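A short worksheet on the structure shown next.
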């Protein structure tokens, strides 16, 4: 894994072919605060995916692997990814309920 833009863009190496030209990029949405707007809000600098989407992919992949070769550790990894997804979705729901989603307010 190579960090292209910290927190936002990563280059992922392929497992079997160590050829940088075949590496894949993972781009997360990049938002920055727009202070001149009152109240302050975030605007999109670069569109991309979210942590939640990546966790959903990982959950599906782990479940598929576990169906082929059941394994306790893989089952635990699925559960932990599901838990992480639940906490992130809970955070978003809580911020929406408080009316601060998309703002720099804590």
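Summary table below
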read-out	value
Burial order of peptide ranges 64-71, 53-60 (average beta-carbon count within 10 Å, highest first)	53-60, 64-71
With Cα atoms, 0 to 90° folded angle of helix 72-98 axis to the chain main axis	10 degrees
For the chain, the fraction of alpha-carbon pairs in successive 5 Å shells from zero, as %	2, 10, 13, 16, 19, 16, 11, 7, 4, 2, 1
Theoretical gain in end-to-end length, residue 63 to residue 25 [0.36 nm per residue, Cα-Cα removed]	11.3 nm
Approximate spin-label separation residue 96-residue 80, in nm, with each point projected 7 Å along Cα-to-Cβ	2.8 nm
Compactness of the range 1-61 as Cα Rg over 2.2 N^0.38 Å, two decimals	1.45
Computed log₁₀ I(q)/I(0) - Debye formula, equal Cα scatterers, no solvent, the range 50-100, q 0.14, 0.16, 0.23, 0.30 Å⁻¹	-0.41, -0.50, -0.79, -1.05
Mean-position separation - Cα centroids, the range 71-106 and the range 4-25, in angstrom	26 Å
Between helix 51-68 and the chain: long-axis angle, C-alpha atoms, 0 to 90°, nearest 10	20 degrees
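Each reported figure results from applying straightforward, stated rules to the coordinates on display, with no laboratory input. Since this is a predicted model, take the numbers as computed values, not measurements. Every residue, glycine as well, gets a Cβ built from its backbone with ideal geometry; the counts of neighbours run over all protein chains shown.
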